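Quick notes on the structure that follows.
None of the figures in this text is laboratory data; all of them are computed from the coordinates on show. Remember, it's a predicted structure, so these values are computed and weren't measured experimentally. FYI the Cβ positions are ideal-geometry reconstructions off the backbone, even for glycines, and counts take in every protein chain you see.
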Amino acid sequence: MKVMIADDHPLFRMGLRYALTARGFEVVGEASDGLEALIIYAQTQPEVALLDIKMPNMDGIEACRQLVLQNPKLLVVLLTTFSEPAIVEAARKAGAKGFLSKETEPLMLAEALDRIARDPDRDWLPISAPMPQFTPREQDVLKLLLEGQTNKRIALRLGLSPDTVKDYVSRVLAKLEVADRMGALRKARELGLG
């Protein structure tokens with residue numbers, strides 16, 4: 001199977017090339033950013049594209065989207081150290097078939113890619129927990145909560161009573177499944193909300 005690698009770290013690409021070749025893949029091109037990946041894809045027409053999510057000029061998710069528009073059958077797998085639900089969902093919408101962690105040894109990455117290549121119709125992206133659904137008023141409260149506003153200040157900003165704000169804050173924390181404001185801040189970042 002012909003594979004293209006796009007990652008801005010030359011040593012990582014070298015290790016991955018070695019591991020993929022040892023596993024029987026043919027590495028037909030390497031790119032250091034998303035724009036270069038589009039050019040190399042056009043020149044080499046690989047069956048698999050391995051794209052790092054974080055790259056200069058064009059990130060892996062946008063490169064994935066553009067590559068899949070050109071060839072819906074292209075097997076795009078993202079290389080990442082990120083698995084936040086918002087990133088997983090963006091990858092899914094862009095047409096990626098899977099995630100492989102950059103923290104995995106290259107030979108293990110090659111084995112995982114081999115499994116994905118043998119079953120390309122399966123969705124190999126991580127299952128993410130459903131995003132909490134907030135009412136418009138809960139969204140307003142969450143936004144101010146993430147800015148570090150107190151219940152009293154939120155009440156003043158939104159024209160609500162402090163008791164009503166306290167109820168909204170409790171509902172927001174419950175939907176985020178956290179116990180306090182610090183937990184809300186961490187969870188919101190994980191979900192890509194703040």
Built amide H within the under 5 Å cut-off of residue 76, gap 5+: 49, 97
Ranking of 52, 114 by count of other Cβ atoms within 10 Å, fewest first: 114, 52
Gyration tensor (alpha-carbon) shape descriptor, the range 136-190, a/c threshold 1.5: prolate
Within the range 41-64, backbone nitrogen closer than 20 Å to the virtual label 7 Å beyond the Cα of residue 73 toward Cβ: 41-50, 64
Residue 22/residue 177 FRET efficiency (R0 45 Å; Cβ-Cβ; nearest 0.05): 0.55
Acute angle (nearest 10 degrees) that the helix 162-176 long axis makes with the longest principal axis of the chain, alpha-carbon atoms: 20
All Cα pairs of the range 35-101, percent lying beyond 16 Å: 36
Simple spin-label estimate for residue 152 and residue 11 in nanometres, 7 Å along Cα-Cβ: 5.4
Ranked list, fewest to most other Cβ atoms within 10 Å of each Cβ, for 101, 32: 101, 32
Acute angle (nearest 10 degrees) that the helix 85-94 long axis makes with the longest principal axis of the chain, alpha-carbon atoms: 50
Zero-based 10 Å bins, Cα pair distances in the range 2-118, whole percents: 16, 54, 30, 1
Inter-label distance for residue 54 and residue 163, nm, one decimal - labels placed 7 Å from Cα along Cα-to-Cβ: 4.8
